[in-house]
Structure formats: structure tokens, C-alpha cells
Amino acid sequence: MPKVMVVGAGAVAQVTVCKLARRPDLFPEIVLASRTFAKCQKLAERYPQTRIIPEELNADDKAQTLNLIEKHRPVLVLNLALPYQDLSLMDACLEAGVDYLDTASYEPPELPLYEYKYQWAYKEKYEKAGITAILGIGFDPGVTNAFVAYAARHFFDEIHYLDIIDCNAGDHGLPFATNFNLEINLREITQNGRYYENGKLIEVPPLSISQDVRFPEIGVRKAYLIFHEELESLVKNFPTIRRARFWMTFSEKYLMHLKAFMNVGLTRIDAIDYEGHPVVPIKFLQKLLPDPAALGANYKGWVSIGVQLRGVYQGQPRTAFLYTNIRHEWAYQDCGSQAVAYTAGVPPAIAAELIVTGAWKKPGVWNVEELPPEPLLELLPAAGLPWKAVIDYPLDFIDIPQE
Ligand code: NDP
């Protein structure tokens, strides 16, 4: 039976490992490799029924990664560390002939602009090597891409408008915490908003566009337009899309803290000199704030993530909404996690199953919408992420033109 190697032992990895460990028939041995060995060891101890081998690894170092791959000979590397490690891990997998997946697109540490061009450049090499790379298989990106692919196959002849909506209506009772890695989260939110319209990428100042959106089970929340990487691949793979946008809700408390951090320079990503030592303010801030992997216990409330679509079917205008709603309490009960990390951590475990069993084994480098969506969406509910599709859904966005 194949061995897999998980890289990273944070909020998302702890959910993926929880799910992989429940399938000893498919994953009898899991190598868990991350920067901090103690975190790997602690997580491995949670699942004594499965052989989880903790290892220390700096995944920025390709030679170190290759040595570890050589030592354990996994068939798949699941990159659940940070986007900065994407390219070094893809290089190592290519050299070792091992399949690869991740949950976030590469961004250079010095430039908070994530784009797929760096990883798409590996397509031919992976094809020639006969190995599979799946990019962005969390929830958003990930399941949201599969929702669009599924809607394109089953509900529409053409999709024209796409709005991805993401709402965390939960409360952890703390003044401020991010639900996944703080540095990556704040880099994403504080950069300019971007969306696609008629083939162009439109750029607007950070958090300058918002709309009230009605989320199922939650009600109306203010959602802000931000850029998210799946927009880039979705407009490429579904060229009939005229406009594609991504919306995320933030509480007043979250925005108040964020603005204060920005105003005093704590979200800066460049090093400043502090008494002769270089200090990167955003990394310092991360050290002060709660670890997203430890937020689960007191978190309560809903998370809702979905895609709202408008297009045509058999000559008639049609709308559709595909979404998942889950509660933080359910995620905690299942895997000791909060729901945001849970939505991101369950899909990579399913993708690992689909790669090792062959349904998603396809040499090359793929975004999720390029793979058949049905196998993922069929396994999602039993894995803890139920989803629904509503046709002719009354779209919230007042600015979607009529067909
Ligand atoms: P965490 O910060 O909680 O965990 C990251 C882990 O990676 C930590 O264990 C960290 O080690 C480890 N790590 C960092 N650098 C290295 C390195 N050089 N070598 C080896 N290990 C390293 O982050 P999250 O779990 O919240 O997020 C993980 C990824 O998931 C991120 O890329 C994030 O963007 C993505 N994500 C995707 C979502 C989706 O839906 N697609 C949603 C949410 C997150 P240490 O413990 O020492 O810090």
C-alpha cells in the first residue's frame, strides 16, 4: 500500500492528517514532515491506530526534501505548508518522480501577488515525467473550482457571471485571530482587490468595494471584494465567463484591528532594523497572535462558502448557487479543528484518495476545474462537508446584468 508524505503540521494539515489517518486501508503509513518536529510528533500521537512517521524538514531546501523522499519513497507529497514552499516542493517531486498537491498558489515572499504562472510553467515537465500535480485543492480554491466545473457540466450551456462568496459567521471569543496562517491571510486581504471583467483584470484599492450578501443559515452580511487565485484559472478554463469576482465577509472587530495594524506598520512584509536585528513586522505580529490551529475549542457558529453563477441553459437565462455550510462545533467534534481550517483540510485528503486510486491520476499540472468534479463532490458529504446546488437561485448581487 502506498505511503504519502504530508508537509506542514499547522491548522490545515491537522485536519488532513485526521482524515488520512481514518483510512488505514488506503494510507497505512503517513510521513508527517514539517519545520517544527515537536508539532509533527504531537499530531502523530493523536492517531495511534495509523503509522504516522514524524520528521523534521525545511521544505525550502530541495536537497533536504529529496533526501526525505528517498528515505521514505512516498507516492504523493501533500504540501500543506505555505505557498512559499510550492516551487521547491514541486522541484523535489519532479526530480523524485512523485505526485504533488497543494492548497495555495505560489507567491514570492517579497511580492504579495499570487499568480499561477510560476506553477503552470511545470506543466510539460510533469507530463513528460508521468506525474500529477494538483494545484489549490482546499475549499477556496479547490471545491469552489469543482463547483464551477460541475455547474458547467450539469446546469449550464454557458456561464457568464461568477461570484464566489465566503462567510465566516463564527465567533471564537478573542479580540483578533486569523483562521489560517496570519501572514498569508493578511497579505491576501491588504493587497489591492482584483477581479476579471470582459477579459481584463480590474484593480481597486484594498476592501474598497462591498455589498450586502445573504448567506444561507446566516442571513445578510457585508462582503468585501478581494482577489483570490481561483479567479485566474477559472476565467482561463471557462472563457465564456464575462465577470468573475470573489467576496469575503469580515466582522467590524476584525476590520478595526486590521486597520490599526496597517496604520502602525505591523502588516509590513519588509524587514526593519530593531536594535541591530532585522525584524519583519508581519512575522512579529504572527508571533503575538493566536495560532489558528488552536482556535477550535471555543469557536461557535456557521461558515458558508459557495459560488453564485448566472448564464444560459437551452437558450434561457439561468442562475445557480452551489454551497457548503458547516459549523465550527462540528469541525471541532470531528477533528479538533475550527471550521475554516476544516473546509481547507478535508479536500486534500479526498484528492489524495483520488490520486492513489487513479480517478485523479493524470500526468501534468492541473487546477481543480480541469479534473472531473464528480468524484470529489461525491465523497465530500461523507467526509464532513455536505453541499447543495440550487437552480434558479435569486442572486444577491444587484449589479449582475440580465441576459
Ligand atoms: P499554519 O501556519 O497553521 O501551518 C503551516 C505549517 O507549515 C506549519 O506547521 C509550519 O511550520 C510549516 N512550515 C512553514 N514553513 C515551512 C518550511 N519552510 N518547511 C517545512 N514546514 C514549514 O498555516 P495553515 O495550516 O493555516 O495554512 C496552510 C496552507 O493552507 C497555507 O498555504 C494557506 O494559504 C492554505 N490555505 C488554503 C485554503 C483553501 O481553502 N484553499 C484555506 C486556508 C488555508 P511551523 O509549525 O514551524 O510554523
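We did not get these values from a lab; they are worked out from the coordinates using the rules stated. Computed from a prediction, not measured in an experiment: that's the story for all the values here. Cβ placement follows ideal geometry from the backbone for every residue including glycine, while neighbour counts extend to all protein chains displayed.
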Legend entry - Whole-angstrom gap from the range 9-87 to the range 333-393, using each part's C-alpha centre: 19
Legend entry - Top of LYS361, LYS222, LYS117 by mean-square fluctuation, Gaussian network on the chain, Cα under 10 Å: LYS117
Legend entry - Span-rule helices in the chain, defined as complete DSSP H runs reaching 20 Å or more along the axis (Cα) with Kyte mean at least -1.0: 339-357
Legend entry - Footprinting exposure proxy for ASP140, ASP157 (fewest neighbouring C-beta atoms within 10 Å first): ASP157, ASP140
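Compute the normalised compactness of the range 299-398: alpha-carbon radius of gyration over 2.2 N^0.38 Å, N being the residue count. Provide the component values of the computation, followed by the final result.
On the way: Rg = 15.9 Å, N = 100, 2.2 N^0.38 = 12.7 Å.
After normalising by residue count via 2.2 N^0.38 Å, the value is 1.25.
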Inset, instruction - Within the range 84-115, which residues have the backbone N less than 17 Å from the label spot 7 Å out from ALA63 along Cα→beta-carbon, could you tell me? - result: 88-89, 91-93, 95-96
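Using 0.36 nm per residue, how much length does the chain from MET256 to ASN198 gain when fully extended, once their Cα-Cα distance is taken away?
Numbers: separation 58, 0.36 × 58 = 20.88 nm, distance 3.43 nm.
Separation in residues times 0.36 nm, less the Cα-Cα distance, equals 17.5 nm.
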Inset, instruction - Any chance you could run the full-extension gain for ALA294 through LEU26? It's 0.36 nm times the residue separation minus the Cα-Cα distance, nm to one decimal. - result: 93.7 nm
Legend entry - Pairwise FRET efficiency - LYS128 versus GLU158, Cβ, R0 = 35 Å, nearest 0.05: 0.55
Legend entry - Qualifying lysines (Cα of each under 26 Å from Cα of LYS236; at least 8 residues distant if same chain): LYS117, LYS123, LYS125, LYS128, LYS200, LYS361, LYS362, LYS388
Inset, instruction - Take every Cα-Cα distance within the range 153-236, group them into 5 Å bins from 0 onward, and report for each bin the whole-number percent of pairs it holds. - result: 3, 11, 17, 22, 22, 14, 7, 3, 1, 0
Legend entry - Label-point gap, in nm, between LYS42 and GLU374 - each point 7 angstrom along Cα→Cβ: 4.3
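So what is the orientation-averaged projected area of the chain, using the convex hull of its C-alpha atoms, in nm²? Mind showing how you got there, number by number?
Details: hull surface 76.3 nm².
Its average projected convex-hull area is 19.1 nm².
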Inset, instruction - Select from LEU255, VAL12, LEU186 the residue farthest towards the positive end of the dipole of the chain; place +1 on Cβ of Lys and Arg, -1 on Cβ of Asp and Glu, and compute about the Cα centre. - result: VAL12
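As an exercise, find the ratio Rg/Rh for the range 16-128 from alpha-carbon atoms, using the Kirkwood inverse-distance average for Rh. It would help to have the intermediate numbers written out before the result.
Details: Rg = 14.6 Å, Rh = 14.9 Å.
Using only Cα positions, Rg/Rh for the range 16-128 is 0.98.
Kindly put HIS228, HIS328, HIS277 in sequence by how many other C-beta atoms sit within 10 Å of each C-beta, fewest to most.
Working: HIS228 24, HIS328 28, HIS277 8.
Fewest-to-most ranking of HIS228, HIS328, HIS277: HIS277, HIS228, HIS328.
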Legend entry - Range of Cα positions in the range 229-275 per principal axis (Å), largest first: 54, 28, 11
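What relative contact order, as a whole-number percentage, does the range 21-139 give when Cα pairs under 8 Å and 6 or more residues apart are counted?
Numbers: 177 pairs, mean separation 22.4, N = 119.
For the range 21-139, the relative contact order is 19 percent.
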Inset, instruction - Using the Cα centre as the reference, give the magnitude of the dipole from point charges on the C-beta atoms of the chain (Lys, Arg: +1; Asp, Glu: -1; all else neutral), rounded to the nearest 20 debye. - result: 500
Inset, instruction - Show the residues, 5+ positions off or on another chain, whose built amide H is closer than 5 Å to the amide H of ARG268. - result: ILE282
